[in-house]
Amino acid sequence: MTDTQVQSAFRPTTSDEPLLEVKDLDVHFRLKNGGLARVVDGANLTIRRNEIIGIAGESGSGKTTLVEAILGINRFSNRQLGGQVLYHARNGEVMDLAALSPHQMARVRLSEIGYVPQGSMNSLSPTMRVADQIVDGMVSHGMSKSKARAKVPELLEKVGLDKRVMRLYPHELSGGMKQRVIIAIGISMEPSIIIADEPTTALDVNVQRRILATLMRLRDEMGVSIIMVSHDVAVHAELVDRLAIMYAGQVVETGGVRPMLKAPLHPYTKGLTDAIPTITATRQRIDGIRGVTPSPDNWPKGCRFHNRCQYAMPQCAEIPPQLVSLSDERVKALNQVETSTEDRMVSCHLYGSGADRD
Amino acid sequence: MDVGVEKLAVLEEGRLPASPDKHSRKRRLSPTASYILRRIGLFLITLWGSLTAAFFFFRLLPGDPIRAYVGQLQQRGTTTTFETNEAMLAYYQKEFGLDGSLLHQYFSYFRRLLIDFDLGPSVLSYPTPAIDLIMRALPWTIGLIGVATLLGWILGMILGTLTGWNRNRTWAEVVTNGALGFSHLPAYFVALFLIIFLSYRWKLLPPNGAFNTALDPEWSMEFVLSVIKYGTLPVLATVIVAVANWMLSTRALVVSILGEDYLTFAGAKGLPARRILSAYVLRNAWLPQIAALGMALGGVVSGNVLIERLFRYPGVGSLLIDAVLIKDVNTAMAIVSILIILVLTINLIIDLTLPLIDPRVKLTGAGG
């Protein structure tokens, strides 16, 4: 516990400069029965330079689909993409990743956005040596084979692996080592963003902690931004600077991780944080969020959380709320908590559906 | 300080399973040697067992080939007396290795096989040794079925990879469904259709035989062309069915690989599609197919009995039928013996080479 806590205290300040802006992103899938599964539906998210942003939400909330859409990974032919993914490149150029051709997108991957996928246990080809799998990503981005090979030991060292690992096959590695190899591949072209989708899910708690520490160290050393997807709020509390909560294909609340977990605004976020057991509190029953996640081909009308929400008002079932910024004073007044909002945004009628009226 | 803690932990985790210094490398040799020895031991035991089973199977067939043979000689009127008759029977029984008790025959079979490398004379065309008959037929069979098997495998691999890779395209679905149909047809059924249409109806290709009998068997251009022309129909009949089967199994492998996480990750590395196909899909799909090809090649030697019969092809399959029909124990047994030896040898070779091409197959000393 201590190592990560100490590190968090010395977190470098993130700049306010946006690096990636997800604007009204839709990822819809046309179903065989004619229906439309709106897995991600009007999601908004801003990632800044040198920050770690966490995306939390329950299974089926669209976390993985959102980051795969950012990366341009398309597993299914029935996908329909809407909205923008604006990427601010290092040279100041702004490009819309959602509008790139597959060929252009292939060049962006690894060189601008590294990916640490879900299911890292099987993300390395079983019949290729580790070195070859690290090298071929760099070679496909125009690096010479000899130069790429020479870079492998340095990359492995960066993620805390012995350089002899390069001669091994994936089945000769432990789960944590495989995950490190994948991170090494992710950073091999020195991208500006690393997307880590549940990078620690299949690992035990000890290895999980070391992987998280490695990610934090890489952020400090290389100055990358990290998008961290996890359903585990405890992981976010430890690692990320800012947190985005997803529900039913939309981002419902964003803000600095500590104020947000201390004083959640959206009833869904509140439900999530209430479900975290604490050591200090007296023994008590944890009340989960009642109901089940709605289905993406049939989201509820109005606010998608209204039928599970204990604060629901009549208008919640009719009008979909917008993601709006709240001022510092407003948040303090609402929660009676002394906290900085760090530009908190929330999508809920409890806090006004239009612009902030304070 | 915290960095120190992390590094220590990482080093511990990043440690290799075994340090590859010279000492441990030397110790590693022994599991390999023991694996090879165990494999060869198993090979010998299986060889003995199957040869024994085959031997007793053919001896248990009803009827006496020698009596029939001597009867034929008598009909030609060379000898008539009882004594000469019995003497002839005894002579030929010894000659064919069919004298004495079953156990005596059994040991003399193995003595002949192991010490003299002799499988006895054939009844089919005495006194030609059975092995000579087989050696005469073998090139035809290997040429015909070998070419058909390899061709079927190569085409099946290519088609299976393409249809798997493009599994959402209409043409791939059409090809797959077509293959599904052909894979269930027996090769002789396809052969009958080919003979009816390509040979009798349209008179494009000869319906049977292995070459134009008007030509002398020699290494001339004309003769080779005639062999190819006569071989086309039987090869085609075999290949059509083989391609369908190889294609379907390859396609299934490729489709399952396409769903693997490492393929998604290869895409996330920004690799071009061609590189993903060649390095990630093919590499993982062809390993099991190579092992399967090895098994299929074992069947090449026995030939495809029905196809060879249908096209009156002078291969091992035809020879086997001729031998069984007149109870030529020596020839039939010789064919089966050679088949057993070859199949087991191919299996042995596959087992010994697979660890070289597939990194996941490891040689371990105990337990495999």
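The values are calculated or read from the model by the stated rules, or taken from the named source; none is laboratory data. On a predicted model such as this, the values are computed, not experimentally measured, just so you know. So basically every Cβ, Gly included, is an ideal-geometry build from the backbone, and we count neighbours across all protein chains shown.
Observations, loosely collected:
- Considering only residues in region B:236-267 that are polar (S, T, N, Q) and farther than 16 Å from A:Pro126 by Cβ, the one that is nearest to the other protein chains (Cβ to nearest Cβ) turns out to be B:Thr250.
- Test: A:Leu86 is part of a strand (DSSP E or B), away from chain B (no Cβ under 12 Å), among the hydrophobic types (A, V, I, L, M, F, W, C) and farther than 30 Å from B:Pro288 by Cβ: yes
- Enumeration of residues in region A:175-189 that are more than 7 Å from every other protein chain (Cβ to nearest Cβ) and without any contact (Cβ under 8 Å) to a residue 60 or more places away in the chain: A:Gly175, A:Lys178, A:Arg180, A:Val181, A:Ala184
- Verdict on B:Asn245 being surrounded by fewer than 21 Cβ atoms within 10 Å (Cβ to Cβ), assigned to a helix (DSSP H, G or I) and in contact (Cβ under 8 Å) with a residue 40 or more places away in the chain: yes
- Exactly one residue out of A:Pro199, A:Pro264 is under 13 Å from the mean Cα position of the chain (by Cα), surrounded by 19 or more Cβ atoms within 10 Å (Cβ to Cβ), not polar (S, T, N, Q) and not in a helix (DSSP H, G or I): that is A:Pro199.
Yes/no matrix, rows are residues, columns are (1) over 22 Å from the mean Cα position of the chain (by Cα); (2) in a helix (DSSP H, G or I):
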{"site": "A:His171", "(1), (2)": "yes, yes"}
{"site": "A:Ile185", "(1), (2)": "no, yes"}
{"site": "A:Met189", "(1), (2)": "no, no"}
{"site": "A:Arg210", "(1), (2)": "no, yes"}
{"site": "A:Met216", "(1), (2)": "no, yes"}
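- Condition broken by A:His28, with the remaining ones in (1) within 21 Å of A:Glu198 (Cα to Cα); (2) in contact with a Gly (Cβ under 9 Å, 6 or more places away or on another chain) satisfied: (1)
- Filter result (under 24 Å from the mean Cα position of the chain (by Cα) and more than 7 Å from chain B (Cβ to nearest Cβ)) within region A:117-148: A:Gln118, A:Ser120, A:Met121, A:Ile134
- Considering only residues in region B:268-280 that are facing another protein chain (nearest Cβ under 7 Å) and either of a type in the set (Val, Ile, Thr) or in contact with a strand residue (DSSP E or B) (Cβ under 8 Å, 6 or more places away or on another chain) (or both), the one that is surrounded by the most Cβ atoms within 10 Å (Cβ to Cβ) turns out to be B:Ala268.
- Any hit, region A:251-266, residues being hydrophobic (A, V, I, L, M, F, W, C), modelled with pLDDT of 90 or more and in the same structural domain as A:Leu31 (by TED's automatic domain parsing): yes
- Residue in region A:333-349 that is surrounded by fewer than 16 Cβ atoms within 10 Å (Cβ to Cβ), under 25 Å from A:Arg258 (Cα atoms) and modelled with pLDDT of 85 or more present: no
- Selection within region A:233-253 - out of contact with any Gly (no Cβ under 8 Å at 6 or more places or on another chain) and either among the acidic types (Asp, Glu) or crowded, with 24+ Cβ neighbours inside 10 Å (or both): A:Glu238, A:Val251, A:Val252, A:Glu253
Conditions tested, residue by residue: (1) modelled with pLDDT of 85 or more; (2) over 22 Å from the mean Cα position of the chain (by Cα).
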| site | (1), (2) |
| --- | --- |
| B:Leu198 | yes, yes |
| B:Pro206 | no, yes |
| B:Gly209 | no, yes |
| B:Thr213 | no, yes |
| B:Val224 | no, yes |
| B:Val241 | yes, no |
| B:Tyr262 | yes, yes |
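Listed here are the residues, each with its yes/no results for (1) closer than 20 Å to B:Ile145 by Cα; (2) modelled with pLDDT under 85; (3) crowded, with 16+ Cβ neighbours inside 10 Å.
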| position | (1), (2), (3) |
| --- | --- |
| B:Gln289 | yes, no, yes |
| B:Gly294 | yes, yes, yes |
| B:Leu297 | yes, yes, yes |
| B:Leu319 | yes, no, yes |
| B:Ile340 | yes, no, yes |
| B:Val361 | no, yes, no |
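- In the set (1) at the interface with another protein chain (Cβ under 9 Å from one of its Cβ atoms); (2) within 27 Å of A:Ile55 (Cα to Cα); (3) without any contact (Cβ under 8 Å) to a residue 60 or more places away in the chain; (4) part of a helix (DSSP H, G or I), A:His103 fails one condition alone, (2).
- Single residue of region B:194-219 satisfying the filter (hydrophobic (A, V, I, L, M, F, W, C) and not in a helix (DSSP H, G or I)) that is farthest from B:Arg136 (Cα to Cα): B:Trp202
- So A:Met177, is it surrounded by 23 or more Cβ atoms within 10 Å (Cβ to Cβ) and part of a helix (DSSP H, G or I): yes
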